[in-house]
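Notes to accompany the following structure.
The values are calculated or read from the model by the stated rules, or taken from the named source; none is laboratory data. Predicted model, so just to flag it, every value in this text is computed and none were measured. For neighbour counting, all protein chains shown are included, and Cβ atoms are generated from backbone atoms with ideal geometry for every residue, glycine included. All accessible areas refer to the heavy atoms of the entire protein, side chains included, with ligands and DNA or RNA removed. Shrake-Rupley method; radii C 1.70, N 1.55, O 1.52, S 1.80 Å.
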Amino acid sequence: MSKKIKISSNRNFGFVFCIVFLIIGLWPLLSLNEVRYWSIIISIIFLILGLLNSKVLGPLNKIWFYFGITLGKIISPLIMGIIFFFVVTPIGILMRLFKKDILRLKKNKEKSYWIQRNKKINSMKRQF
């Protein structure tokens, strides 16, 4: 189930990084500090290259794309491991402490594992 992931256009890449560097440049204004002019200049360069749909942005776009893919391969398992060990594992330990068997996995002494249904089964017509 492998899908080919499409890289964004150079124009979108230029606009996104224009906005990113503009935010970095103007962020000090919130604490009444001086604007970062180097960031504003880089923002303008990315805006111009994005408007021209320049091929100069192609290699930067590819590097950024592969950085994102690599970061996703590292961060996703890390986050899932944290969720498992800090959410699922404590819940499992608590269930064992309170002797809960929600999935009914323990062996019964009964002849069958069939669960009798008390509700009347309706027909499948007009389900909704």
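Data overview
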read-out: Carbon/sulfur fraction of accessible area - the chain, other protein chains in place, 1.4 Å, %; value: 69
read-out: Rounded FRET efficiency, nearest 0.05, which uses the C-beta distance separating Met80 from Arg117 and R0 of 41 Å; value: 0.65
read-out: Probe 1.4 Å - accessible area at Arg104, Å² to nearest ten; value: 150
read-out: Cβ-Cβ FRET estimate between Lys6 and Phe67, R0 fixed at 22 Å, reported to 0.05; value: 0.85
read-out: For region 1-58 versus region 88-125, the gap between their alpha-carbon centres in whole angstrom; value: 55
read-out: Fluctuation leader among Ser54, Ser39, Ser112 - the chain, Gaussian network, Cα springs under 10 angstrom; value: Ser112
read-out: Å² per residue, accessible surface of region 23-128 at 1.4 Å; value: 99
